[in-house]
Amino acid sequence: MSSTLGSEFRQETRAWLADNCPEGARGPGQTPWGSSKIPLDRDSALWLERMAERGWTVPTWPKAYGGAGLDKDLYPILIEELKRIGARTPLTGRGVNYIGPTILELGSEDQRQRWLPGIARGEGGWAMGYSEPSAGSDLASLACRGELIGDQYQLNGRKVWTSDAMHCDYIFVLIRTDTQAPRHEGISLILVDMDQPGVEVSPIRLISGESPFCETVFNDALAPSNDIIGGVNKGWTVGKRLLQYERSTHAGINTSGSQGGRSVASPLPDLVKRYHSDETGRISEPALRSRVLDHQLAFRAQQLTQQRVIQETAASAPGFASSAVKLSNALITQEGDEILVAAMGTQGAGWVGDAFTDDEIDATRNWLKQKSLTIAGGTKEVQMNIIAKRVLGLPDA
Ligand SMILES: Cc1cc2nc3c(=O)[nH]c(=O)nc-3n(C[C@H](O)[C@H](O)[C@H](O)COP(=O)(O)OP(=O)(O)OC[C@H]3O[C@@H](n4cnc5c(N)ncnc54)[C@H](O)[C@@H]3O)c2cc1C
């Protein structure tokens, strides 16, 4: 790309964003993820509509499917300009980040045309139907059954931990379509409309009282056979690729939506200083100061790694690198939370009550919530197995 093309694009983008990004879509606030069941505030809805019209909810997708066809040189410029004005991503979620790119890569032309433009406009929230009571890390032992009847599959079985399913319109589901084949070879990935009597969603109540997870039961639910992605009984390959898109999203390196790569300063030093600060404004305790410094170095290295992976993969989702970057991202985030809560002392032990500020309660809850980062999207041990086998090429034990 010539530098003139890049600077023209930057100028045009900056001018367009100045005119079209509503004030209410800048800074913290609502981020749409497609659910028809969650009302959007006016500015978030307007921002989504304007960005979708320009193809910038999925900037790297081809124009024919609702994207803007930006390449690896122009895409980062758009992201930089969005960050410069503090614009929120106009659309996130499993539509633009997981199933959309999977359909784009492995779906048929008919499936791309039917599904992608709607996903790019945020029409429908997606749930993920992978895990079952006896199939988590060992996903290939899944038992949810899909039986072909005419031109539809009839689904029966039970999925667990389906995040946000109570607010979703669609679900992509791994089903067993051949019970006789070796277990990795009898699986298919199918798209299912959740608004039908055969799909029953029950929130799983957690100790916190909140319920982001559900159990989703299929009881003679129906899905068209032409909504199997990547071919019947090819679901293991398709499903693994989708997991790479999921892990890339957790890792901050998925460039399917308009959010790729983070580059924000770590807030940790300032937060720690609220509790341990000397007269010069430094963190007062040397051991704590050194821990925060080590964390900052790791945090910065992680950001540079994210940017390098985005560049190297030419703005398309990486393969097995997604496991390595997801894992390091999770561990660095958890380490930062640990340092903060430890530095807060007894103020880090609050859950509710007037003795704690809202920030303190948030920090403590966040510290616990982020423990899930080394479970969701495949556990820490599963990621290490993948890195050992697929990245380092070590032999099976
Ligand atoms: C926040 C969050 C959101 C989620 N959202 C969804 C969702 O939307 N849809 C969905 O389908 N699922 C979802 N999940 C489920 C998630 O994918 C599973 O929890 C995860 O794959 C682990 O499966 P499991 O819970 O059955 O644990 P298990 O597989 O039973 O693992 C238990 C322990 O054994 C270890 N272990 C298992 N096998 C091995 C091995 N071969 N080598 C070494 N150690 C091993 C694991 O690392 C873990 O520590 C979500 C989970 C979380 C935490």
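Remarks
- With neighbours defined as other Cβ atoms within 10 Å of a residue's Cβ, the residues 333, 216 order from fewest to most as 333, 216.
- Within straight-line cross-link reach of residue 37, lysines at Cα separation under 22 Å, skipping those fewer than 8 residues along the same chain: 159
- Rounded to 10°, Cα long-axis angle of helix 321-344 versus longest principal axis of the chain: 40
- Gain on full extension, evaluated as 0.36 nm per residue between residue 5 and residue 308 minus their Cα-Cα distance, stands at 106.9 nm.
- Calculated [222 nm] ellipticity per residue, helices only, for the chain: -12500 deg cm²/dmol; basis is -39500 (n - 2.57) per DSSP H run with n ≥ 4, divided by all residues, nearest 500.
- Span from the the range 301-344 Cα centroid across to the the range 212-287 one, whole angstrom: 10
- The alpha carbons of the range 106-168 occupy a box of 35, 31, 21 Å along the principal axes, longest dimension given first.
- If the convex hull is drawn through the Cα atoms of the chain, its volume per residue in Å³: 172
- Cα shape, the range 3-99, gyration tensor, a/c 1.5 rule: oblate
- Taking the C-alpha atoms only, the angle from helix 42-53 to the longest principal axis of the chain is near 60 degrees.
- Between helix 109-120 and the chain: long-axis angle, C-alpha atoms, 0 to 90°, nearest 10: 30
- Only the Cβ atoms of Lys and Arg (+1) and of Asp and Glu (-1) were treated as charged; on that basis the dipole of the range 126-234 about its Cα centre amounts to roughly 340 debye.
- Protection proxy ranking of 319-330, 131-142 - average other beta-carbon atoms within 10 Å, highest first: 319-330, 131-142
- With θ taken as phi - 60° and the Karplus curve 6.51 cos²θ - 1.76 cosθ + 1.60 applied, the whole-hertz 3J(HN,Hα) list for the range 218-226 is 9, 10, 6, 5, 10, 8, x, 5, 7 Hz, x standing for glycine and proline.
- The spacing between the range 15-86 and the range 124-150, judged by their C-alpha centroids, is 32 Å.
- Rounded if a/c under 1.5, otherwise prolate or oblate - the range 203-259, Cα gyration tensor axes: oblate
- Of the peptides 107-115, 337-345, 22-30, the order by per-residue mean of other Cβ atoms within 10 Å, starting with the highest, comes out as 337-345, 107-115, 22-30.
- Proximal lysines relative to residue 273, as straight alpha-carbon distance under 28 Å, when same-chain residues fewer than 8 apart are discounted: 83, 369, 371
- Prolate/oblate/rounded call for the range 17-58, Cα gyration tensor, a/c under 1.5 rounded: oblate
- Cα-only Debye scattering, the range 216-290: base-10 log of I(q)/I(0) at q = 0.12, 0.19, 0.20 Å⁻¹: -0.65, -0.94, -0.96
- In a reduced charge model with +1 at each Lys and Arg Cβ and -1 at each Asp and Glu Cβ, the range 137-183 shows a dipole moment near 200 debye about its Cα centre.
- Taking the Kirkwood radius as Rh and the Cα radius of gyration as Rg, the range 247-338 has a ratio of Rg/Rh equal to 1.08.
No lab work stands behind these numbers, since they all come straight from the coordinates. This is a predicted model, so every value here is computed, not measured. Quick reminder, even Gly has a Cβ in these numbers, built from the backbone with ideal geometry, and neighbours come from all protein chains shown.
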